[in-house]
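The next block holds one structure in the form of structure tokens; read it before the comments.
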Amino acid sequence: MINNLDLKSVLDNMSIGVMLVGDQEKIIYINKLLTEITGYSREDLDNLNDCFKLAFINPAKRDKLEKRFDFHVENDKYFDKILKIETKSGQLKDLKFNVNKLPNGYLLVNVVDVSEEIARKKEIKIIKDRLEIAAEAANIGVWDWYIQADDCYYNKNWAEMLGYKLKEIEQKPHSWKNLVHPEDIDSALEKMKKHLKGDKDIYISEHRLKTKSGDYIWIRDIGKVVETDENGNILRATGIHLNIDQYKKRQQQIEFLSFHDELTGLYNRRYLQNEIKRLNGSRRYPISIIVGDLDNLKEVNDSFGHGIGDQYLKKTAELLKEVLRSEDIIARTGGDEFVILLLETNKFTVKKICNRIKEKFKKYNQQKCFLKNLSISLGSCTTESCTDNLNRAYEKADKKMYINKRSK
């Protein structure tokens, strides 16, 4: 029996359970916490064999455990293991046992109740398994980034979404980074940086990833920091990938049609008006406007049908694009009307461009591709500074076009 009352007080106030086993495996001391954990007191336990009998009901399992315990204590001088024991009230608990053989042959047993930790791990595993099943069913890609270790777990769907087998994807962050489209990577990394800094509650990015076949698909990437250390350093972030390629392409098609002429692929009146509004007061002056109108489209439609008329319109669009620069704005604003916006283009240059357009049409007509020649009337106007209104310039160009049309 321990006579030192100060030592007994220290042991009774420790945050772990303590038991001291002496000669003949006789129990000498059990501290207060161990009694609270197991329900067994010194009066219930005379020797180590009593502990095994009371804590492990199954004889076969108990016998096997005792042999393993004796082997480690005898050879290694310690035993360290988590065991499920039955308390005095019949409750099952997971306890971590750390047993050390002291120089005098006594055994010092330290016990920690890890039941809640084990239960939490099991619960997390159950939740994770359910999420994996849900992710599999919904074809959701999952990533789990362990930042300090520079490792990143990707699930099967993440890889297969891009045409890969999971074993072909290295479980590292750069696997994702190397697949992001060069035009999208800076934006995606900036959004991730803002979230990691705490500027954004969640990371959301829509970007393109390269598939195994070399094509790109649109992905919605959503993630969040889920673990930090006591100093606030980020340890882990997790998230999902959703394949939004079809949605994105439909969205792009809708956006394209909202600002483009469906027949020719040129910009439409709506886009042109937005550009005129945007450029009013800009620094891109001088700005020139050309208005063109096909001369014989109605006659072609009446004589040969609108299908042939559509071919005239498409060819007109092609010829205009061949003459003009890629940055010039070409719009089909009506049935047979085309408008061209030329930024930083003076009145002398715009006259040359009008002549080039006429020459282009003349050369095409020499090929005799259509039953009637393509003919277009043009009018132009130039605004020299932001004090001039582009809408008025548009009106002047339109009037000049009609004057030229009537003079033919």
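The values are calculated or read from the model by the stated rules, or taken from the named source; none is laboratory data. The model shown is predicted, which means the values in this text are computed figures rather than measured ones. Methodologically, a virtual Cβ is constructed for each residue, glycine included, from the backbone with ideal geometry; neighbour enumeration extends over all protein chains shown. All accessible areas refer to the heavy atoms of the entire protein, side chains included, with ligands and DNA or RNA removed. Shrake-Rupley method; radii C 1.70, N 1.55, O 1.52, S 1.80 Å.
Among the residues of the range 59-83, those identified as in a helix (DSSP H, G or I) and open to solvent by 80 Å² or more (accessible area, probe 1.4 Å) are 59, 61, 64, 67, 68, 71, 74, 75. The conditions of being in contact with a strand residue (DSSP E or B) (Cβ under 8 Å, 6 or more places away or on another chain), hydrophobic (A, V, I, L, M, F, W, C), assigned by the TED database to the domain that holds residue 369 and surrounded by 20 or more Cβ atoms within 10 Å (Cβ to Cβ) are met by residue 272. From the list 101, 53, the one residue that fits, being closer than 18 Å to residue 25 by Cβ, of a type in the set (Lys, Arg) and touching a Leu at 6+ places or on another chain (Cβ under 9 Å), is 101. Answer yes or no: is there a residue in the range 112-123 that is surrounded by 12 or more Cβ atoms within 10 Å (Cβ to Cβ), closer than 23 Å to residue 22 by Cα and touching a helix residue (DSSP H, G or I) at 6+ places or on another chain (Cβ under 8 Å). No.
Please enumerate the residues belonging to the range 84-127 that are assigned to a loop (DSSP other than H, G, I, E, B) and of a type in the set (A, V, I, L, M). Give the steps one after another, and end with the answer.
Filtering the range 84-127 down to residues assigned to a loop (DSSP other than H, G, I, E, B) leaves 87-91, 102-106, 114.
Answer for the range 84-127, where residues must be assigned to a loop (DSSP other than H, G, I, E, B) and of a type in the set (A, V, I, L, M): 102, 114.
Residues being in contact (Cβ under 8 Å) with a residue 40 or more places away in the chain, under 19 Å from residue 242 (Cβ atoms), surrounded by 12 or more Cβ atoms within 10 Å (Cβ to Cβ) and in contact with a helix residue (DSSP H, G or I) (Cβ under 7 Å, 6 or more places away or on another chain) are represented in the range 209-231 by at least one member.
Residues of the range 386-393 include at least one that is crowded, with 18+ Cβ neighbours inside 10 Å, at pLDDT below 95 and assigned to a helix (DSSP H, G or I). Reported count of residues in the range 26-58, each being modelled with pLDDT of 85 or more, of a type in the set (D, E, K, R) and in a helix (DSSP H, G or I), is 2.
Condition test on residue 360, is it exposed (fewer than 15 other Cβ atoms within 10 Å of the Cβ) and in contact (Cβ under 8 Å) with a residue 24 or more places away in the chain? Criteria not met by residue 360.
Listed conditions (1) over 47 Å from the mean Cα position of the chain (by Cα); (2) under 26 Å from residue 260 (Cβ atoms); (3) modelled with pLDDT of 95 or more; (4) surrounded by fewer than 20 Cβ atoms within 10 Å (Cβ to Cβ) are all met by residue 308, apart from (3).
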